[in-house]
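Have a look at the structure below before the remarks.
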Amino acid sequence: MTSRQSTPPIVGVIGGGQLARMMAAPAGALGIHIRLLAESAHECATQVISDVVVGDFRDYETLRAFVSSCDVVTFDHEHVPNALLRRLASEGMEAKLQPGPNALQYAQEKVKMRELVAPELSPRWKQVADIDEARDFGFPCIAKSLIGGYDGKGVWRVESDSELSELLKHGGLLLEELVPFDAEISVLIARSPHGQAAVWAVTETIQENGICVQTVTPASHLSDEVAGKAQSIALTIAEQTGVVGVMAVEMFVVGERLLVNELAMRPHNSGHWSIEGAITSQFEQHLRAVLDLPLGATDMRARHVVMGNILGGDKADLHRAFLHLFARDPGLKVHLYGKEVRPGRKVGHVTLLGEDTKRLSARALHATEFFAGRAGEHDE
């Protein structure tokens, strides 16, 4: 009797951070082999993924050899130079890159994203190279790096000419009007190479100092009409860009108006709730999409889902918090990323499912504060 063992597809992931780490569980369930290109053998994804290539994603030969060794390649971050990806595409590897360079440019380059989005869906904006070009824009405003930037990095609130002049010493900027928004939301969408798309419920993101501290799904106080409009905008952008995989479209809500703020073409922090809270998580869906498999259902598993980001504080040993938190709240789901704890760094998240958003948010806040060493054992 002859035995046969199937050969699993190899999905390469460039980057060894928490997003790559969270792909490991659904990949294991589906029998998909994950191979990492990590800058260091000590990145957090290497703790749970054994097939690791250590190298610099900015080096073309390293990048080329890695892509050649995989069936398809996707990304933990958006920092791979687009020119290198275009060079790979020109050498016949375009089908392996998901998303490809033509889509990624809209997440990597702020001006290209603004040029893509319809004017009525954008705040007023202007690209400037010097202070003379910026004088008539008005203050206060938001200044953004032309390339990159996330979690408050590469984004500044600017109050005056002098502040802007200092920033412009380091290069050109994108200026955007300061939007008096009512809420910030995120729409997660997945798209496959043959054009199938799936969208999750709209998520409200709660920010402090430019960092998301909590998400509420579905978004609180958002009418069905506005939520449907937000999903429609995300579907349109996905089709326009040709993105493959998961994409997050972050938006401002201003009354009944929606303004697109940022795009991220990868699984996203605002979608972590979906691991427990949706029939198909963003990480499983991303793998399905990049392999051009039929996409899974995105229905919620509960009426409301709240996710809280664990930010590093005074306690280095996060596991010491488990005894109190699990005894206090048996419904709490915890994900730690295996990262060194530093103040303000995202080192994990918690998720809660239930009926009462206010109560779920309070439970999530207690947990994240307790991890950071800022909540007493009997706090509510």
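Every read-out reported here was derived from the displayed coordinates using simple, explicitly stated rules and does not represent laboratory data. Everything numeric in this text was worked out from a predicted model, so none of it was measured. Please note: Cβ atoms are built from the backbone with ideal geometry, for glycine as well, and neighbour counts cover all protein chains shown.
For residue 96, the aspartates and glutamates whose Cα falls under 12 Å of its own Cα, not counting residues fewer than eight places away in the same chain, are 71, 292. In sequence order, region 296-311 has phi-based couplings of x, 5, 10, 4, 6, 8, 8, 5, 9, 9, 10, 10, x, 7, 8, 9 Hz under the Karplus curve 6.51 cos²θ - 1.76 cosθ + 1.60, θ = phi - 60°, and Gly or Pro positions carry x. Pairs over the 21 Å Cα-Cα cut-off, from the set 153/358; 126/169; 153/229; 229/358: 153/358; 153/229; 229/358. Determine the shape class of region 183-371: with a ≥ b ≥ c the square roots of the Cα gyration tensor eigenvalues, call it rounded for a/c under 1.5, and otherwise prolate if a/b is greater than b/c, oblate otherwise. Since a/c reaches 1.5 and a/b is larger than b/c, the shape of region 183-371 is classed as prolate.
By other beta-carbon atoms within 10 Å, ranking 91, 369 with the fewest at the front produces 91, 369. First check a/c for region 277-380, with a ≥ b ≥ c the square roots of the eigenvalues of its C-alpha gyration tensor; if it is under 1.5, answer rounded, and if not, answer prolate when a/b is larger than b/c or oblate otherwise. It comes out oblate by the Cα gyration axes. About its Cα centre, region 124-177 has a charge dipole of approximately 220 debye under the convention of +1 per Lys or Arg Cβ and -1 per Asp or Glu Cβ, with nothing else charged. Please label the shape of region 10-102 as rounded, prolate or oblate, based on the square roots a ≥ b ≥ c of the eigenvalues of the alpha-carbon gyration tensor (a/c under 1.5 means rounded; beyond that, a/b larger than b/c means prolate, else oblate). Prolate.
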